[in-house]
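> Below: one structure in structure tokens.
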Amino acid sequence: MDFEERLLNFIKKEGLISSGDKVIVAVSGGIDSMSLLFALNRIASLLRISLHAAHLDHMIRPESSEEAEFVRSFSKSLGIPITLGRRNIPDICKKIKGNLEEVARKERYAFLEEVCKNVNARRIALAHHKNDLLETVIHRVIRGTGPLGLSCMRPSRGIFIRPFLIFTREEIEEYARKNEIPYVEDKSNYDIKYTRNFIRHKIVPLLRNLNPSVEESAYRLVRTANLLEDFMNKEIGLFMEKNVHKEDDIFVMRRPESTFVLLEVMRKIVHEFFGKIPEFEKLWEFVKGFDKPSHRVNIFGDVFLEKSYDMIAVGRTLNVKNFRKRLKEGFYNVNGFKMRVIISKEQENVDRKISVIFNLKDLDEPLFFRNRKDGDKIFLEKGFVKVKDLMIEEKIPTFYRRRVPILVDSRDRVLWIPGVRQAHTKVVGGKGGYLILKLIRWPFGYLKGGFSFERKT
């Protein structure tokens, strides 16, 4: 079976392209992408598709503009329309202080998606092959990854397809030689200061000495990892739907029994909601600290993992803004806490765990809700007790303690910590009426054994 027949069968087997599709072909000018454009053009009529080439000049090397013209000329010779783009990657890197390889990749994918939208295409074809896949696996292992981190470079993901994934670099080079396909050689591909080039030129040859078919072995491993990821994504999705609660800027859950499930849930949350795959070492460092009542690890930037008792939080560190809200009758929503304030002439029985009642005549008004301050104390039967100590005693997770709306009087004395304790007062009959406060909803895991929910009032 020749090269083009194998390519055609792979595209059909994987369902990469449908009849009538317009396909963007990403062309850098190198041997892989030029061969992809040539090969797809040869079988386009059999697939009943149309092609549109796209090339982005990264402006990294002096000859990049000449390479763009080279790609344009080759596309024209095949009768394929092309869109050329330019991005000054070095300037962008300086502005955002980013990694050159990562910034170039991000800008390239954004450009391809833009072209796809502009020409009304349905697929974007990339020239990745088995050698690229092997290098990616090695890179992830070196960087640190879990089992599902080996899942990568699928034949298709969204609008992106990889028709060359069944070929090795050597097979593509042989195809290019036979068909006299022109290409440009990027000298930077040999610069081993770049991690991927070091892997390609230094590590892979050593592995080939042990196993000449190491690319095929990596391909099978990744295909299996992809199946495992599909299964686990379904299971993790069900777990998250039932057990993970979003409270403003953080995701909160009870610690699952399975450490593997916890690792994958944290990885998924960080990746999907904070835009970066976390290093496995960071996740493992977090798990190793579970013998402590409270434990926190910063993943990257301001993204953190925190354990407090049996609760796990994943979120972005934000400075909790000081708040001070004057109390009046009605409903209050503060930091995930919902409360109802009632002024009544009649005394009523209340659930003392989540509600309080005061004689209005005994209060120093006005009253306020504010967040906890260092040194706050509340007066109980045994005397003054630190609010922080009470929160620890009640096992209030550390990531909630600054967010709790505490009730204070005009002299800033603490009267009530919702769901925790009321200041020591006696409620007896009087003509002044009563102030009743009810905690209707609270963040998930705030109270021991209590879930985030809303009570009927």
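The values are calculated or read from the model by the stated rules, or taken from the named source; none is laboratory data. On a predicted model such as this, the values are computed, not experimentally measured, just so you know. Note that we place each Cβ from the backbone using ideal geometry, even for glycine, and neighbour counts take in every protein chain shown.
> Could you list, in sequence order, the residues of segment 297-336 that are closer than 24 Å to GLU394 by Cβ and of a type in the set (Asp, Glu)?
GLU306, ASP310
> Any residue at all in segment 183-201 that's assigned to a helix (DSSP H, G or I) and of a type in the set (Asp, Glu)?
No, every residue in segment 183-201 fails to be assigned to a helix (DSSP H, G or I) and of a type in the set (Asp, Glu).
> Just checking, how many residues over segment 51-75 are surrounded by 15 or more Cβ atoms within 10 Å (Cβ to Cβ) and either basic (Lys, Arg) or within 36 Å of the chain's Cα centre (by Cα) (or both)?
The total comes to 15.
> Would you point out which residue out of LEU367, LEU360 is surrounded by fewer than 17 Cβ atoms within 10 Å (Cβ to Cβ), touching a strand residue (DSSP E or B) at 6+ places or on another chain (Cβ under 9 Å) and either closer than 19 Å to TYR446 by Cβ or not β-branched (Val, Ile, Thr) (or both)?
When all the criteria are applied, what remains is LEU360.
> Which members of segment 401-457 meet the condition of being of a type in the set (A, V, I, L, M) and either in a loop (DSSP other than H, G, I, E, B) or at pLDDT below 85 (or both)?
If the condition is that a residue be of a type in the set (A, V, I, L, M) and either in a loop (DSSP other than H, G, I, E, B) or at pLDDT below 85 (or both), then VAL404, VAL420, ALA423, VAL427, VAL428, LEU447 are the ones that fit.
> Something else: Would you confirm, using the coordinates I've provided, whether ILE236 is in a loop (DSSP other than H, G, I, E, B), without any contact (Cβ under 8 Å) to a residue 40 or more places away in the chain and of a type in the set (Val, Ile, Thr)?
no
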